[in-house]
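Enquirer: To start, I am sharing the structure in question, which I have written as structure tokens.
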Amino acid sequence: MHGGSPHQPPVWTPLLLGVGVGWLLYYWTRVSRRPHLVSSGPLRQFLESHCPVVMEKFCPTFWCPGGRLQTIVRVMLASRPHVSYRNEVISTEDGGQISLDWMDNDESPHFPDSSSRPTIILLPGLTGNSQQSYILHLVRQADRDGYRCVVFNNRGFGGEKLLTHRTFCAANTEDLAQVVNHVHRHLPDAPLVAVGVSIGGMLLLNYLASTGRRSQLGSALVFSTPWNVFASTASLERPLNYWLFNRSLVTTLKTTLCRFRDVIGEVLDVEQILQSRSIQEFDERYTSIVFGYRSCHDYYHDASPANKLQKIKTPVLCVNAADDPFSPGEALPLDEASSHPYLALLVPAHGGHIGFLEGLYPNRQRYMNRVFSQFVGATLQRYDDLRNITKSRSQN
């Protein structure tokens, strides 16, 4: 019989256990946190009463909580639910055309009357369209909630032919105004709500500022909106962000331009534009010129929604992660939002750019869908209450 000590676990086992316990403690105390809600008193009370998601902790996927990881993993893992669209193409005054993709929801049990069925106008990001995963998930959520949807595809990105040299500009709201008027004209009894994502949110906020009290939208919701284009550009030109995000976005823009080089080449030097190595260089050589700006600096100033907040007279909820590499937290208009009667900022500590991933395997868009469902539902069901509190506050 041989003596000896009982079998000992490997020396690294307690070390791994300690690291795991430490990470869990850090996650639950520092990472999983309630979002920061910034708004004036009455609007804040409305949101806290009717949108419980603004009071809940946001618990990002524990293995990718950071902003860059949330942004990247969403692109890699997001599912793409099937949506059947009805396409419509409308003409513009300058000879162009806009592609609209409709999800009519004719079987809606909540709103069987098509004429009064609430209609959601969706605005994708810079290079996006109705087939982006985040748009597909929002459309499916709207379908479950009984609403009709129409996706406003930016010129050249919706599968239609580009008829002029003009595509997208975050400061120019003419196309969006035409789409809103078109939808309202055909559905005059249907409440209208608009939801913008990323630069689609910039365009929507700029539209609300340009229309003021004339806006035909009952409310609006934006996700991951860049507020200050100069701050966003500086962030995206940092070395790591450039290689992860900036380079791929400008490549997509140049690919789109190549598809329509015949019509664009009639007005601009396409080869010079194709040499752009960043979004800013692309905007200097294409966007600012096409839309009549003296410089890219003037375009960026005009496109920044933070410069126009006081002109917004439509209730709008803005969701921005504090670690968004496209819209850095220090650029968020927190002071302005704290006293704005119509605007509220919801700022989770984590979420990245259009990320907001939750769960062990984050292939579904749960957080954005919850915010969408609760906010849109509350503003539609309690529209008169919302308008009364914002109107009374703005008159004080």
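The values are calculated or read from the model by the stated rules, or taken from the named source; none is laboratory data. Because the structure is a prediction, the values reported are computed rather than measured. As a convention, Cβ positions derive from the backbone with ideal geometry for all residues, glycine included, and neighbour counts pool all protein chains shown. These accessible areas exclude ligands, DNA and RNA; they are computed on the full protein's heavy atoms, side chains included. Shrake-Rupley method; radii C 1.70, N 1.55, O 1.52, S 1.80 Å.
Enquirer: Packing-wise, with mean Cβ within 10 Å as the measure, how do 350-357, 204-211, 328-335 rank, highest first?
Expert: My ranking of the peptides, most packed first, is 350-357, 204-211, 328-335.
Enquirer: For mean projected area of the Cα convex hull in nm², which listed value, (1) 24.9; (2) 43.4; (3) 52.9, comes from the coordinates shown?
Expert: Computing mean projected area of the Cα convex hull in nm² and matching it to (1) 24.9; (2) 43.4; (3) 52.9 gives (1).
Enquirer: Here's another thing I want to ask about it. If I stretch the segment between Gln97 and Arg259 completely, what's the gain in nm (0.36 nm per residue apart, minus their alpha carbon distance), one decimal?
Expert: Full extension from Gln97 to Arg259 adds 56.7 nm.
Enquirer: What 222 nm value per residue comes from the helices of the chain, counting each DSSP H run with n ≥ 4 as -39,500 (n - 2.57) and dividing by all residues, nearest 500 deg cm²/dmol?
Expert: It comes out at -11000 deg cm²/dmol, rounded to the nearest 500.
Enquirer: Mind counting lysine pairs for me in the chain? Cα separation below 25 Å, and the two need to be 8 or more apart along the chain or on different chains.
Expert: 4
Enquirer: At what distance in nm do the modelled label points of Arg247 and Ala234 sit from each other, each positioned 7 Å from its Cα along Cα→Cβ?
Expert: Between Arg247 and Ala234, the simple spin-label model gives 2.4 nm.
Enquirer: Here is a follow-up. State in Å² the accessible area per residue of the chain; use a 1.4 Å probe, count heavy atoms of protein chains only, and round to the nearest integer.
Expert: Roughly 45 Å² per residue, with all protein chains present.
Enquirer: Subtract the Cα-Cα distance of Asp189 and Arg294 from 0.36 nm times their separation in residues, and report this length gain in nm to one decimal.
Expert: 33.6 nm
Enquirer: Over the chain, with every protein chain in place, what whole percent of the accessible area is carbon and sulfur at 1.4 Å, could you tell me?
Expert: Here it works out to 53 percent.
Enquirer: Relative to the first principal axis of the alpha-carbon coordinates of the chain, what is the inclination of helix 12-26, with its axis defined by its Cα atoms, in degrees from 0 to 90 and to the nearest 10?
Expert: The two axes meet at around 40 degrees.
Enquirer: Return one number: the angle in degrees, 0 to 90 and rounded to the nearest 10, between the long axis of the Cα atoms of helix 41-50 and the longest principal axis of the Cα atoms of the chain.
Expert: 70 degrees
Enquirer: Okay, moving on. On a 0 to 90 degree scale, rounded to 10, what angle separates helix 133-145 from the longest Cα axis of the chain?
Expert: Approximately 80 degrees, to the nearest ten.
Enquirer: Evaluate E = 1/(1 + (r/R0)^6) for Asp385 and Asp269, where r is the Cβ-Cβ distance and R0 equals 56 Å; express this FRET efficiency to the nearest 0.05.
Expert: 0.55
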